[in-house]
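Working notes, beginning with the structure itself.
The values are calculated or read from the model by the stated rules, or taken from the named source; none is laboratory data. Since this is a predicted model, take the numbers as computed values, not measurements. Cβ coordinates were reconstructed from backbone atoms using ideal geometry, including for glycine residues, and neighbour counts include every protein chain displayed.
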Amino acid sequence: GLSSGNLLETCWNALKPGGRLVANAVTLEGEQKLLQWQNKNSGKSGASGDLTRLSISRAEKIGRFQGWKEIRSVIQLAVIKGH
């Protein structure tokens, strides 16, 4: 996964100009890797992209009512390689 090795760098180096890299993380360590990679590569070689946190909630019973219970968030890096 993202937390070990240089997976993002390997994928980025193999990507052709104009290609899109999308990576997801659910752990703090994975999120840290995505943030570090974005900070290191943002603006380099025309790279542009976003780091986004996606959260999903599920309706569950709270006594006789219902409420939202958040499920684990996913952090997503989506970046396009410049020409």
Result of the Cβ filter at 7 Å on region 64-78, keeping first residues that are in a strand (DSSP E or B) and partners that are among the charged types (D, E, K, R) and surrounded by 14 or more Cβ atoms within 10 Å (Cβ to Cβ), at least 6 apart or interchain, is ILE75/GLU31
Residues of region 7-47 being at pLDDT below 90 and either within 13 Å of VAL74 (Cβ to Cβ) or surrounded by 12 or more Cβ atoms within 10 Å (Cβ to Cβ) (or both), in sequence order, are ASN41, SER42, ALA47
Which one is farthest from ALA25 (Cα to Cα), of the residues in region 71-83 that are surrounded by 11 or more Cβ atoms within 10 Å (Cβ to Cβ) and of a type outside the set (Gly, Ala, Ser)?
LYS81
On the given criteria, is GLN32 within 21 Å of HIS83 (Cβ to Cβ), polar (S, T, N, Q) and within 12 Å of the chain's Cα centre (by Cα)?
no
When every residue in region 55-70 that is surrounded by 10 or more Cβ atoms within 10 Å (Cβ to Cβ) and among the hydrophobic types (A, V, I, L, M, F, W, C) is compared, the one nearest to the chain's Cα centre (by Cα) is ILE56
